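Notes follow the structure.
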Amino acid sequence: MTFLITHRCMLFLSALSIWLPNVVAADPIRITHNQPFPPLSELKNGKSEGLMIDVLRAASARVGLELEFVAAPLEQMQLTLKDGRADALLSGMTPERLRLYDFSSQVVATGGALFVRAPSSTPENLMAMAGKVVVTPRTGPLADLISRVAPAVKLSLTTDYEQSLARVVDGSADAAALNYHAGAVVAARLYPGQITKPAAMFQEIVNAVAVPKGTLPEFLTRLSRGLDAIRADGTWAEINKRWIAQ
């Protein structure tokens, strides 16, 4: 009996020794996020934080995934995939990007909004901007959308949120099309009282983790399972309330 138990223990430990190195040696998945993009993602004191970052940390912990975050300006995010700095990126799920990337389940839903110089009121929609200059970042998800649904708008592409808002303030643009939540925070920081906070969004956009087509399918499946789990038990709602209330 003693020999049988000892033999079984040895077999178990042998199997465990094969399995554990695979777990420990697994490289973390590096995810690029926009910097700065408050309150959704931002690098502060060398650490990534924000609503989407906390959601991903909670989801990955639920399914045993290890993540690392790479902060990059909007115009450099896709470059981090090409040069090997990152494996995935946080991105708006648009028809154009769906052709290039596979996506996880939803991380957060936000949307595009029009930012105008105060005290002007928020335009009713994109069509109301026909013949007027609307600026938006070149590498953001809204440029293609505006070109497709509102071709009468005089679309002008910028480098980032800061340049977009600066053009609204100096009068060279009639409006900036930006993410509702991030645009509001950046506008309040840079131009307090000079930009009207949008009354509504003109387009809802789902943000999720994207990987180049055909890569990391198991990672996306596990991460999506974690995202679904934290939505089901209320963790996602708690994180969302904490950040949006700030």
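Points to keep in mind about this one:
- Within segment 83-97, being over 12 Å from the mean Cα position of the chain (by Cα), modelled with pLDDT of 95 or more and within 17 Å of Lys213 (Cβ to Cβ) holds for Ala86, Asp87.
- When Gly131 is tested against the conditions (1) of a type in the set (Gly, Ala, Ser); (2) at pLDDT 95 or above; (3) surrounded by 14 or more Cβ atoms within 10 Å (Cβ to Cβ), the lone failure is (3).
- Single condition Ala173 does not satisfy, out of (1) more than 18 Å from the chain's Cα centre (by Cα); (2) touching a residue at least 12 places away in the same chain (Cβ under 8 Å); (3) surrounded by fewer than 21 Cβ atoms within 10 Å (Cβ to Cβ): (3)
- Filter result for Pro137 (outside the structural domain of Asp27 (by TED's automatic domain parsing), closer than 19 Å to Glu42 by Cβ and in contact (Cβ under 8 Å) with a residue 12 or more places away in the chain): yes
- Within the option set Arg85, Arg62, being assigned by TED's automatic domain parsing to the domain that holds Asp233, part of a loop (DSSP other than H, G, I, E, B) and among the basic types (Lys, Arg) holds for one residue only, Arg85.
Matching residues to (1) under 30 Å from Gly226 (Cβ atoms); (2) surrounded by 17 or more Cβ atoms within 10 Å (Cβ to Cβ); (3) of a type outside the set (D, E, K, R):
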site	(1), (2), (3)
Gly112	yes, yes, yes
Ala118	no, no, yes
Thr136	no, yes, yes
Gly140	yes, yes, yes
Leu190	no, no, yes
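- Matching option when the condition is crowded, with 19+ Cβ neighbours inside 10 Å, of a type in the set (S, T, N, Q), at negative phi and in contact (Cβ under 8 Å) with a residue 40 or more places away in the chain, among Asn240, Asn207: Asn207
Conditions tested, residue by residue: (1) within 23 Å of the chain's Cα centre (by Cα); (2) under 16 Å from Val133 (Cα atoms); (3) touching a residue at least 60 places away in the same chain (Cβ under 8 Å).
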residue: Pro151; (1), (2), (3): no, yes, no
residue: Leu157; (1), (2), (3): yes, yes, no
residue: Asn179; (1), (2), (3): yes, no, yes
residue: Ala182; (1), (2), (3): yes, no, yes
residue: Ala187; (1), (2), (3): yes, no, yes
residue: Leu190; (1), (2), (3): yes, no, no
residue: Gln194; (1), (2), (3): no, no, yes
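The values are calculated or read from the model by the stated rules, or taken from the named source; none is laboratory data. These figures come from a predicted structure and were not determined experimentally. Neighbour counts are summed over all protein chains in view; Cβ atoms, including those assigned to glycine, are modelled from backbone coordinates with ideal geometry.
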